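Shown next, in structure tokens, is the structure this report addresses.
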Amino acid sequence: MRAEMSHHWGPGNATNPLHIGNQGQATRDRITQALLRASEKDCNDSRNRFIPRAALIEIINLEEVGEILKAREDADHWQNVAQDICPAHQGCACGWRYCTGRRMIFATLLLCRREELMLSRFYLRNPQLCDKDLPLNSDFFNNTDLNVSAKERELFIYTQWQVYTPFLTEFGTGNNQAVGELPMEVSLPWREKARIGKPILGEVSYVERIEIYPDSHDLTQDSDQVFALKTFEQRLAAGLSEEKFQQEVQANHKAPRHNRIVRLLSAFAYRDRYYLLFPFANEGSLENLWKSYTPDGVIRQITPVRVADWYSDEWLLSECLGIAEALVATHNLADGHLERTNALLHADIKPENILCFRDSGSNQLGIPVVLKLADFGEARRFEPNKALKASQVAHVKTYRPPEHCPGSLITLKYDVWCLGCLFLDFVTWAILGQDGIDSFRRKREVEEDDPAVTEAPGQLIEDTFFKTVKQEPTPLLFNRLHWGRNRKLKVDSRRATTRYSLWASSHVNVGTRVRDAVVSHLRVLRQHHRCSDRLEQVLLFVGGKMLVVDPGKRAGSLEVQEFLSGLIDRR
């Protein structure tokens with residue numbers, strides 16, 4: 001461990017008289033061997049090893065420590081020292097409920113074979129010192145009257161990393177309001193770590209599934225020790241990764257506490273990387289769920305998948321309602337109809353950012369899979385009675401609404417369009433499976449925008465649920481003069497200008513409308529034999545209230561919630 005698990009001066013060294021009996025010697029050797037056996041490999045650096053907190057607490061116990069201390073010739077008060085080293089649960093004098101007392105300090109000295117310093121130096125000269133003060137550095141020794149040699153200081157500082165591990169507390173609670181930076185020498189208390197998904201060239205962040213050792217965190221109330229760790233790779237994108245990390249931390253800190261929103265558990269910096277810790281979604285994202293399961297009765301043509309025997313229209317409606325409730329909370333409209341100061345625009349609603357949890361503590365109502373809104377990395381705060389510029393909001397690709405174009409203003413109804421796209425794909429999966437989602441996407445892709453208002457006629461610029469169309473032209477001088485054969489079209493958010501020569505051009509206004517493929521798909525789904533009355537009502541609401549080009553006529557998130565709640569109540 002960092003070359004060797006234990007470095008020490010040997011017995012009989014003149015500078016290190018042991019003054020310990022045979023029984024104490026045997027106990028000391030037994031504990032040392034137990035610590036060595038309990039050490040685990042560092043998942044971040046296989047050259048290092050560390051002792052998990054639970055194992056340390058079990059090994060450094062009151063009885064064994066007492067055996068060592070009372071065997072010393074100068075141990076007049078060994079019982080008090082032993083109790084301070086190994087206090088009962090929540091019994092450390094520092095008051096921190098998760099403090100391990102002085103077990104880590106004692107184990108460090110034990111591995112150095114200098115446990116007598118616990119009596120003669122660490123305890124008597126600094127009785128308030130405990131494991132909560134670790135890790136110790138040179139400044140600590142320089143500013144305290146421990147009277148230890150330079151070599152003893154160096155050895156302690158080096159060896160402490162073998163027994164000290166950080167305790168992770170939930171971000172944003174109590175005194176834990178800031179992002180901490182962990183020492184680069186420390187080993188993180190991960191039992192297992194595995195990357196989710198394949199590496200992507202140029203990615204700023206990636207996600208891993210990790211299991212944390214028990215007694216190393218207070219992040220969950222249940223027995224599940226598995227979490228999702230999002231890592232921002234500083235070495236690949238210096239500056240950008242820190243900016244994205246800080247942005248996501250602040251957005252998650254502002255996000256409401258809601259049982260349908262995935263909360264940020266911890267945030268910290270470590271070894272030139274930045275980390276966010278979240279609950280682990282054991283069924284992955286909604287996109288993964290659609291690809292992995294097919295509702296009973298739907299035939300999948302491409303890839304064999306599991307049958308979602310737990311699926312029901314009731315479940316789909318309840319999960320759509322849950323996500324709508326999360327969005328209402330995000331928009332800060334839960335208690336009324338007015339937009340208030342703390343409103344957030346999520347700005348990135350898509351299947352990848354809806355996470356699926358099965359058999360978790362939130363699943364006590366018998367719901368087979370619970371969906372939650374995640375990833376507030378692109379969220380933007382809304383001031384009362386103000387809108388955001390399109391340039392201030394992230395590009396959501398397929399689900400982006402028509403108003404996301406230069407010069408336009410963004411309101412909270414941006415999220416409602418995205419949610420409408422999500423609901424339409426969700427119902428498509430329920431009726432036609434993933435094959436239906438893929439077929440729907442291909443139909444959108446082959447539908448071209450109006451050639452009069454696109455810079456690349458016949459080419460797919462992007463897959464969206466709307467298209468750009470030509471509106472009535474604006475008469476201009478020489479607008480009918482077409483000289484030469486060259487044609488150059490310049491398109492902005494509101495106008496397309498075609499230039500045919502240096503002194504002749506024509507102009508048309510640019511408009512948007514829902515793609516014909518979307519309108520047709522809504523109609524096909526409503527007529528399908530698997531479409532129940534309530535799913536048809538959802539489709540009608542999506543087409544008539546959510547996928548509406550004019551944001552002023554589009555439903556708000558509260559109206560979506562009320563519609564779904566009423567639909568469920570009418571069963």
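Taken together, the values in this text are just the output of simple stated rules run on the coordinates, not laboratory data. In this text the structure is predicted, and so the values were computed from the model without any measurement. So basically every Cβ, Gly included, is an ideal-geometry build from the backbone, and we count neighbours across all protein chains shown.
Can you run phi through the Karplus equation (6.51, -1.76, 1.60; θ = phi - 60°) for region 526-542 and list ³J(HN,Hα) in whole Hz, with x for Gly and Pro?
5, 8, 6, 5, 8, 7, 6, 4, 6, 5, 5, 5, 4, 4, 5, 5, 4
Near the amide H of HIS217, under 5 Å away, which other amide H atoms are found, from residues 5 or more places off or on another chain, if H is placed in the peptide plane?
The answer is LEU168.
Largest first, please: the extent of the C-alpha atoms of region 180-279 along each principal axis, to the nearest Å.
37, 32, 28 Å, listed from the longest principal axis down.
Checking the a/c ratio against 1.5 first, then a/b against b/c, what shape does the Cα gyration tensor give for region 22-162?
On the way: a/c = 1.26, a/b = 1.10, b/c = 1.15.
Judged from the Cα gyration tensor, region 22-162 comes out rounded (a/c under 1.5).
Quickly rank 26-33, 287-294, 327-334 as a protection proxy: mean count of other C-beta atoms within 10 Å, highest first. Show your work: numbers first, answer last.
Details: 26-33: 16.5, 287-294: 20.0, 327-334: 21.8.
By packing density, highest mean first, the sequence is 327-334, 287-294, 26-33.
May I ask you to derive the FRET efficiency for ALA26 and PHE167 from their Cβ-Cβ distance with R0 = 41 Å, giving the value to the nearest 0.05? Please list the in-between numbers first.
Numbers: r = 32 Å, r/R0 = 0.78.
According to the calculation, E is roughly 0.80.
Return the distance in nm (one decimal) between the two label points of a simple spin-label model at ASP145 and ALA93, each offset 7 Å from Cα along Cα→Cβ.
That separation, rounded to one decimal, is 1.6 nm.
Taking θ = phi - 60°, what integer Hz values does the Karplus form 6.51 cos²θ - 1.76 cosθ + 1.60 yield along region 273-280, in sequence order, with x for Gly and Pro?
10, 10, 10, 10, 10, 10, x, 8
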